[in-house]
Amino acid sequence: MVENKENPKTFCFKEWIYYSSFIRDSYLCTKEGERPRSEREAYLYVDLGVLGGWWADPFGNLKKEKEVSNEYVPDEVISELKKHIHLDFGIPFIQMIDEVEIKELTETEIKKIAPEVFEEVYDDKAVLQWYQQVDFDNDKRMDIVVYNRLGMGKLGFTETYFYQQLPDGMYRRTHQINSSGRATRFLQYDEKNYFMVLVPLDYDVSESEYDYYYCELYYFQDGYPQETVRFTPESTQVDVAVKKRFVNDFINISEGNR
């Protein structure tokens, strides 16, 4: 629970946050880091110590009431995903995935290519940790994506870090997705790469036409996700919602609060 410590009755926000022992503190504050006077200017900040900070918008201060249309994700991609998306990734998806240039890196290679990245994300408590070189933000430079798997099975938790390669060859972390029970893939359409997240159902998928709760397709530019298209199956229909990412140098709104 995060609350206004000076006056708990004013407003508070409750949310489950899983960051293991990394959390040092969490509190509500303004975008300038000052004490908020109302929900209208309050954001959630989680202090992760050496891992930096995590920002969220629990009171929806960055949300827009009006619908937004997709600017970065073509309608053709949305139509294809609506028709074919399943966890087994049918032939159309396999072809799209295979077109994405991805190089799997060993621990030795990541230490040589980007030692600063390895030092920042290495976790000796991780069950599994793997690294990929891929142009996730479509600037023709090979970036780095790191996956930390903490725990196994349904309780397994994966931290996904996105590091943009800068013109000078250095890397900066621009985004992070923390999730459990999800499948992730890179897709390519019309020479543009997209990052896809699937949240599967817990029961036998043969009983349902769709085998996921929802799917999100991310389009990155300049290191950050600019737009996400979310697919939510309802019976035999799929509702599609387009969301913009409200990201700047100070606030990086967490997954689930956008």
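The values are calculated or read from the model by the stated rules, or taken from the named source; none is laboratory data. All of these numbers come straight from a predicted model, not from anything done at the bench. FYI the Cβ positions are ideal-geometry reconstructions off the backbone, even for glycines, and counts take in every protein chain you see.
A few notes on this one:
- Test set (1) in contact with a Ser or Thr (Cβ under 9 Å, 6 or more places away or on another chain); (2) modelled with pLDDT under 85; (3) hydroxyl-bearing (Ser, Thr, Tyr) - Ser254 fails condition number: (1)
- From the list Val68, Val73, Val100, Val117, the lone residue that is among the β-branched types (Val, Ile, Thr), under 30 Å from Ser38 (Cα atoms) and modelled with pLDDT under 95 is Val68.
- Wholly within region 86-136, helices (runs of 4 or more DSSP H) carrying at least 2 residues that are more than 20 Å from the chain's Cα centre (by Cα) and among the β-branched types (Val, Ile, Thr): 91-98, 107-113
- Pairs with Cβ under 6 Å, 6+ apart, first in region 55-71 and closer than 21 Å to Leu217 by Cα, second of a type in the set (Ser, Thr, Tyr) and at pLDDT below 75: Ala56/Ser254
- Once region 102-112 is narrowed to residues that are touching a strand residue (DSSP E or B) at 6+ places or on another chain (Cβ under 7 Å) and without any contact (Cβ under 8 Å) to a residue 60 or more places away in the chain, the residue that is surrounded by the fewest Cβ atoms within 10 Å (Cβ to Cβ) is Glu104.
- Residue in region 110-133 that is out of contact with any Phe, Trp or Tyr (no Cβ under 7 Å at 6 or more places or on another chain) and small (Gly, Ala, Ser) present: yes
- Against the list (1) modelled with pLDDT under 80; (2) surrounded by 16 or more Cβ atoms within 10 Å (Cβ to Cβ), the condition Arg173 fails is (1).
- The set of residues in region 158-170 being more than 16 Å from Pro225 (Cα to Cα) and surrounded by 19 or more Cβ atoms within 10 Å (Cβ to Cβ) consists of Thr158, Glu159.
Quick grid of which residues meet (1) at pLDDT 60 or above; (2) assigned by TED's automatic domain parsing to the domain that holds His84; (3) of a type in the set (D, E, K, R); (4) not in a strand (DSSP E or B):
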residue: Arg185; (1), (2), (3), (4): yes, yes, yes, no
residue: Gln188; (1), (2), (3), (4): yes, yes, no, no
residue: Tyr194; (1), (2), (3), (4): yes, yes, no, no
residue: Asp202; (1), (2), (3), (4): yes, yes, yes, yes
residue: Glu209; (1), (2), (3), (4): yes, yes, yes, yes
residue: Tyr214; (1), (2), (3), (4): yes, yes, no, no
residue: Thr228; (1), (2), (3), (4): yes, yes, no, no
residue: Asp239; (1), (2), (3), (4): yes, yes, yes, no
residue: Phe250; (1), (2), (3), (4): no, no, no, yes
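- Restricted to region 141-157, and to residues there that are over 13 Å from the mean Cα position of the chain (by Cα) and modelled with pLDDT of 95 or more, the residue that is surrounded by the fewest Cβ atoms within 10 Å (Cβ to Cβ) is Arg141.
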